[in-house]
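**Student:** Before I ask anything, let me first share the structure, which is written out below as structure tokens.
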Amino acid sequence: MALIITEEQKLLKDSAAEFLAMNAPVEQFRDLRDSNYKPFNENLWKQIVDMGWTSLTISEEFDGLDFGFVGLGQVLEEMGKTLTKAPLFSSIVLGATALSNSSNQKLKETWLPMLMDGSKRIAFAQDEHNYFDPTAIVTSAKKSSDGFLISGKKTMIIDGAGADTFVVVARTDEGEPALFMVNSSAKGVSLTSEILLDAGTYASVTFDNVEVTANDRISDVGNGTVLLNQILNTASICLASEMLGIVKEAFSQTVEYLKEREQFGKRIGSYQALQHRAAIMFSEIELCKSIVITALQALDNGADNLDELASLAKAKLGKTIKLVTNEAMQMHGGIGVTDDVNIGFYFKRARVLQRLFGDYNFHLDRYARYHKY
Amino acid sequence: METTTTKDLKEFRLETRQWLEENCPKSMRLPLKDSTDYYWGGRNASFASEDQKIWFEKMLEKKWIVPYWDSQYGGGGLSPEENNILTQEMLRIGCRKPIFSFGISMLGPALHKFATEEQKIRFLPDITTGKTWWCQGYSEPNAGSDLAGLQTKAEDKDDHYLVSGSKVWTSYADKADWIFCLVRTDFDAPKHSGISFLLIDMTSEGVGTRPIKLISGKSPFCETFFDNVRVPKENLIGSLNDGWTIAKYLLTHERQMIGGVGETDVRKAVHQIALENLPTKDSILTDGVLRPEIAELEMNDAIFEMTIQRITDEAKTGVNAGALSSFFKYYGTEQNVTRMELLTAIRGKDGLVWESENKKAASETRMFCRSKGNTIEGGTSEVQLGIISKRILNLPS
């Protein structure tokens, strides 16, 4: 398979870029932040639903478009460039992926249409610690007469406030991690929110003996780890797509600045100390483009080395986004560290994206273990 | 429905596979140890083994020394698809190249693009039969990174050029039959505009060579001296004073070659060597510094390969990948230098062995030393970064 996007995918990418430039430029991000950290623009979310971005990865069986992750990845990349805030990642990449890979037909039939039309939103509740560790699940799902009782504390839940339902990872009596749908208004659910560096709202939720029915279980017995892994891979690859957008945009703005800004009577882009660093970034970004398209295609093809490619993508983009946003700040000089210009937004968003679903170190270790060293 | 073409290609693959199985000697399927395993051809050709001779002659008979050149020049006349299949099938069982030749990888493409038909007929067939060993005369003692500052002069003497000057870093000049050279034919023009591309017979009177001993202890390079050498005018390729165009074109090929683009990867994975040499716990490396360095190297290797693939695929759709050869050269050689440095660290004392009964260890230490030249030859990493910043990023001068 050629490592390029198809005409159709290109069309989607171009239309996304055009739409976002018009309806969700970086100024919208600034406005939302300055409006008491509003999580996203409701009207924009409706438009995103109308354009079908929420249906791209959903099967035709549930009236989705079945267009695939390469397509969604193009949209996420463009959203990265404009720092567009919308619950597309939380509700679709995480929520819908959990359901799509489940064998619980009833949950799928009920929820997938509502996720696609935007009338309901799901948030994914996995993290329990200050560091990402999908194996360290303490939250429990104790068998009750007609279902389970969920107890535990989850943190760093993306778009958690305002979600209708949580997908909660909890350990069953047998010790296996399992996934459950838990209504956000159920008895025993309490939520607090924090604003993180990227001006995003992240929830911490306590589940205190919350009752769920047997049918709220998303993962089959014995299948929890596999499903969790599929979500982790999908999330890592989709985050890498968004990170690619940020890397490209921060780099492009920086190169433009190098061509404009004059010091000592010359444009600063003529200085070799900066030229070589720009060329090094260019090279790293060439690699980033390749791993992102490879991993997105693998996601659509159900490749058997998805663990390897997801970690490659998240690690490479994690390392490069750090390099590029740091260089972007430094090369913008004093103005770069002011709130007046946008380049600092990319740097702040980058740090959160680096941490989500495993940082560079996590995925480097996972990659090495995949290759048995 | 299957088209005739894909059916033909399937047959071609099967035939090729069978032919290679039958004709490639077993020892010619082992990874190359070092340069003594290479066959270079030339007037004074000598084979390192009987198998090497058999393999070369079989491939020659099949016209597969340069399978993708036209048959009128002694090539195999294979289509790009067929050539791909042949490459894949050779890789599959680890066949060595029958010959190593700068004539094939560098001069040939330049002749195809810039030489007259007469010149093609004169020079290309001796490349496809391995009769001529070509070397490259580019760098000079005072023109390294600043290649266009070269001073070797070719004076117009009506029926011939008279060449005087010296070249440096000429690969195997002491063994080569002919040299393709950049010479200055106009001293008054701006430096890029007064250069011509000349082919010179190394047996001409006035040509001398002296090997340069490297830190690896070996001498793959020479200095080459021209003392009033008479060169026939029909040996000029392209237009007079337009040699820089050819030089740039040819450097693109050289950079891809040094960057390792399109080369087979028969190397053992670095982590395999680490697992054999370093302590482990539950079969995981315990060295908290080397392990992430190995993983980073191997991750970048894997993604670099994807990048070669992606850019090749994009080029097929018409995206111009020309300036990217600097990126390939820069990244590929930096990766190689990092790899060799890591391997040396992993191999401990063995990584320092210079002369010993342990010939393999000594050879690897010398390869480590040799790798230090990778980020210099063919344009330093700094030159490549400069090209990227100017030609691709359009940063100001």
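A short reminder: the numbers here are calculations on the coordinates, not readings from a lab. Worth saying up front: this structure is predicted, and the values here are computed from it rather than measured. As a convention, Cβ positions derive from the backbone with ideal geometry for all residues, glycine included, and neighbour counts pool all protein chains shown.
**Student:** Under 20 Å between alpha carbons, and skipping anything fewer than 8 positions from B:Lys62 in its own chain: which aspartates and glutamates qualify?
**Tutor:** Once the sequence-local aspartates and glutamates are set aside, what remains near B:Lys62 is B:Asp8, B:Glu11, B:Glu15, B:Glu21, B:Glu22, B:Glu50, B:Asp51, B:Asp70, B:Glu81, B:Glu82, B:Glu89, B:Asp126.
**Student:** Now a separate question. If the chain between A:Ser119 and A:Arg30 were fully stretched, how many nm would it gain, using 0.36 nm times the residue separation less the Cα-Cα distance?
**Tutor:** Value of the extension gain: 29.5 nm.
**Student:** Turning to a different aspect of this structure: Of A:Asn43, B:Gln151, A:Val70, which is farthest towards the positive pole of the protein assembly as shown's charge dipole, taken about the Cα centre with +1 and -1 on the beta-carbons of Lys, Arg and Asp, Glu respectively?
**Tutor:** B:Gln151
**Student:** Given segment A:7-116, report the % of alpha carbon pairs whose separation exceeds 24 Å.
**Tutor:** So the portion of pairs separated by more than 24 Å is 26 percent.
**Student:** For segment A:134-227, which trypsin sites (Lys or Arg not before Pro) pass both filters: DSSP loop (anything but H, G, I, E, B) and at most 16 other C-beta atoms within 10 Å?
**Tutor:** Here the trypsin sites (Lys or Arg not before Pro) that fit, given the DSSP loop and packing criteria, are A:Lys187.
**Student:** About its Cα centre, what dipole magnitude does the protein assembly as shown give when the only charges are +1 on Lys and Arg Cβ and -1 on Asp and Glu Cβ, stated in debye to the nearest 20?
**Tutor:** Taking the Cα centre of the protein assembly as shown as origin, the dipole is about 1560 debye.
**Student:** Could you give the Stokes-Einstein D for segment A:121-215 in µm² per second, using the C-alpha Kirkwood radius, 37 °C, 0.692 mPa s?
**Tutor:** Calculated translational D: 248 µm²/s.
**Student:** Which three lengths, in whole Å and largest first, does segment A:66-185 cover when its Cα atoms are put on their principal axes?
**Tutor:** 45, 35, 26
**Student:** Now a separate question. Measure of size requested: the Rg and Dmax of segment B:259-392, with Cα atoms as the atom set and Å as the unit; please supply both.
**Tutor:** My reading of the Cα-based Rg and Dmax gives 17.2, 54 Å.
**Student:** Near B:Leu60, within a Cβ-to-Cβ distance under 12 Å, what is the net charge of the other residues, with Lys and Arg +1 and Asp and Glu -1?
**Tutor:** Computed value for this residue: +3.
**Student:** Can you give me the Cα centroid spacing of segment A:58-107 and segment A:187-208 in angstrom?
**Tutor:** 23 Å
**Student:** Quick check on chain A: helices-only [θ] at 222 nm, where DSSP H runs of length 4 and up contribute -39,500 (n - 2.57) each and the sum goes over total residues. Nearest 500, please.
**Tutor:** Using -39500 (n - 2.57) per qualifying helix, the result is -16500 deg cm²/dmol.
**Student:** While we're on this one: Which value in deg cm²/dmol, rounded to the nearest 500, describes the helix-derived mean residue ellipticity at 222 nm for chain B, given -39,500 (n - 2.57) per DSSP H run of n ≥ 4 and division by the residue count?
**Tutor:** Rounded to the nearest 500, it is -13000 deg cm²/dmol.
**Student:** Each label point is 7 Å from the Cα along the Cα-to-Cβ direction; what then is the distance between the points at B:Asp37 and A:Gln263, in nm?
**Tutor:** Label at B:Asp37, label at A:Gln263, 5.1 nm between them.
**Student:** For an R0 of 51 angstrom, estimate the FRET efficiency from the Cβ-Cβ distance between B:Thr317 and B:Arg230 and round to the nearest 0.05.
**Tutor:** Rounded to the nearest 0.05, the efficiency is 0.55.
**Student:** Right, next: Rule-of-thumb check for segment B:69-123: C-alpha Rg over 2.2 N^0.38 Å?
**Tutor:** 1.29
**Student:** Sticking with this structure for a sec: How much net charge surrounds A:Gly73 when only the other residues with a Cβ under 12 Å from the Cβ of A:Gly73 are counted, with Lys and Arg +1 and Asp and Glu -1?
**Tutor:** So the surrounding residues net to -2.
**Student:** Continuing with this model, one more query. With Kirkwood's inverse mean 1/r over C-alpha pairs for Rh, give me the Rg to Rh ratio of segment B:14-54, two decimals please.
**Tutor:** 1.04
**Student:** Treat each spin label as a single point 7 Å out from the Cα along the C-beta direction, and report the A:Asn23 to B:Ser164 distance in nm.
**Tutor:** About 7.6 nm separates the two model spin labels.
**Student:** Students often get this wrong, so check it: of A:Lys81/A:Lys314; A:Lys120/A:Lys248; A:Lys13/A:Lys248; B:Lys63/B:Lys131, which have C-alpha atoms separated by over 23 Å?
**Tutor:** Pairs exceeding 23 Å: A:Lys120/A:Lys248.
**Student:** Between B:Glu22 and B:Ser145, 0.36 nm times their residue separation minus their Cα-Cα distance comes to what?
**Tutor:** Result for the pair: 39.6 nm of gain on full extension.
**Student:** Which of the listed residues, B:Leu251, A:Thr135, B:Gln136, is farthest toward the dipole's positive end in the protein assembly as shown, when Lys, Arg count +1 and Asp, Glu count -1 at the beta-carbon?
**Tutor:** About the Cα centre, the residue reaching furthest to the positive side is B:Gln136.
**Student:** What distance in nm separates the two pseudo spin-label positions at A:Gln330 and A:Gln272, each 7 Å out from Cα along the beta-carbon direction?
**Tutor:** Placing both labels 7 Å along Cα→Cβ, they lie 1.8 nm apart.
**Student:** What is the magnitude of the charge dipole of segment A:122-216 about its Cα centre, with +1 placed on the Cβ of each Lys and Arg, -1 on the Cβ of each Asp and Glu, and no other charges, expressed in debye to the nearest 20?
**Tutor:** 180 debye
**Student:** Straight distance only, please: which aspartates and glutamates reach the Cα of A:Lys153 with their own Cα at less than 17 Å, same-chain residues fewer than 8 apart left out?
**Tutor:** Straight-line reach from A:Lys153, under 17 Å: A:Asp127, A:Glu128, A:Asp133, A:Glu194, A:Asp208, A:Glu211.
**Student:** If you don't mind, another one. What span do the alpha-carbon atoms of chain B cover on each of the three principal axes, reported in whole Å from largest to smallest?
**Tutor:** Ordered largest first, chain B gives principal extents of 77, 51, 48 Å.
**Student:** Provide the gained length on full extension for the span A:Glu109 to A:Asp50, in nm with one decimal, where the gain is 0.36 nm per separating residue minus the Cα-Cα distance.
**Tutor:** Full-extension gain reported as 19.2 nm.
**Student:** Kirkwood hydrodynamic radius for chain A: how many Å is it when counted over pairs of different Cα atoms?
**Tutor:** In chain A this quantity evaluates to 21.3 Å.
**Student:** Let me ask something additional. Label 7 Å along Cα→Cβ of B:Ile54; segment B:93-116 residues with amide nitrogen under 16 Å?
**Tutor:** Residues B:95-96, B:98 qualify, since their backbone N sits under 16 Å from the label point.
**Student:** A further question on this structure: Which chymotrypsin sites (Phe, Trp or Tyr not before Pro) from segment A:111-187 combine a DSSP loop assignment with at most 15 other Cβ atoms within 10 Å?
**Tutor:** Qualifying residues, ordered by number: A:Tyr131.
**Student:** Taking the C-alpha atoms of segment B:16-100, how large are the radius of gyration and the largest Cα-Cα span, Dmax, in Å?
**Tutor:** 12.6, 35
**Student:** So what's the net charge close to A:Ala21: Lys and Arg +1, Asp and Glu -1, counting the other residues with Cβ under 15 Å from its Cβ?
**Tutor:** Value of the local net charge: -3.
**Student:** Here is a further query. With a ≥ b ≥ c the root eigenvalues of the C-alpha gyration tensor of segment A:224-370, is it rounded (a/c under 1.5), prolate (a/b larger than b/c) or oblate?
**Tutor:** It is prolate, given that a/c is not under 1.5 and a/b is the larger ratio.
**Student:** Still on this structure, I have one more. What FRET efficiency, computed as 1/(1 + (r/R0)^6) with R0 = 25 Å and r the Cβ-Cβ distance, is obtained for A:Ala161 and A:Tyr131, rounded to the nearest 0.05?
**Tutor:** Rounded to the nearest 0.05, the efficiency is 0.65.
**Student:** To continue, here is another question. Rg/Rh for the protein assembly as shown to two decimals, with Rh computed the Kirkwood way over all alpha-carbon pairs.
**Tutor:** Ratio of gyration radius to Kirkwood radius: 1.03.
**Student:** Work out the FRET efficiency for A:Ala303 and B:Asp201 from their Cβ-Cβ distance, taking R0 = 45 Å, and round it to the nearest 0.05.
**Tutor:** Efficiency for this residue pair is about 0.25.
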